[in-house]
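A short write-up of the structure that comes next.
Rule-based calculations on the coordinates, nothing more; no lab input. Quick caveat: nothing in here was measured; it's all calculated off a predicted structure. Cβ placement follows ideal geometry from the backbone for every residue including glycine, while neighbour counts extend to all protein chains displayed.
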Amino acid sequence: MTLPQTADTLVTMTTSGELTTDFSLTIDRRPGSGRKTAQATIAGGKSKLFMTSNRGSLKLLRSPF
């Protein structure tokens, strides 16, 4: 997923795979399950975006525009 730095979005990412991002994250790991949940607040975080995968990698990249 690619978002501009001005997206005004709270992004929640959940996976047991890898997380890659250009934005600052807060990560919460769940012991024993291997799953982790990360949140990134872009601009004010007015809108919400949920990204979920069981084992796959999730990428949140900053748009160059």
Between Gln5 and Asn54, what FRET efficiency follows from the Cβ-Cβ distance if R0 is 35 Å, with the result rounded to 0.05?
0.75
Mind putting a number on the dipole of the chain about its Cα centre? Charges go on the C-beta only, +1 for Lys and Arg and -1 for Asp and Glu, and I need it in Debye to the nearest 20.
220 debye
How much length is gained if the chain between Thr20 and Phe65 is pulled fully straight, taking 0.36 nm per residue apart and subtracting their Cα-Cα distance, in nm to one decimal?
14.3 nm
Kindly write out, for region 31-44 in residue order, the coupling ³J(HN,Hα) from the Karplus curve 6.51 cos²θ - 1.76 cosθ + 1.60 (θ = phi - 60°), rounded to whole Hz, with x marking Gly and Pro.
x, x, 9, x, 7, 9, 10, 10, 10, 10, 9, 9, 6, x
Under the rule of at least 5 residues apart or a separate chain, name every residue whose amide H is placed under 5 Å from the amide H of Asp8.
Ala43, Gly44, Gly45
Check the straight Cα-Cα distances from Lys36 and name the lysines below 20 Å, setting aside those fewer than 8 residues away within the same chain.
Lys48, Lys59
Can you tell me the convex hull volume per residue for the chain, based on C-alpha atoms, in Å³ to the nearest whole number?
68 Å³
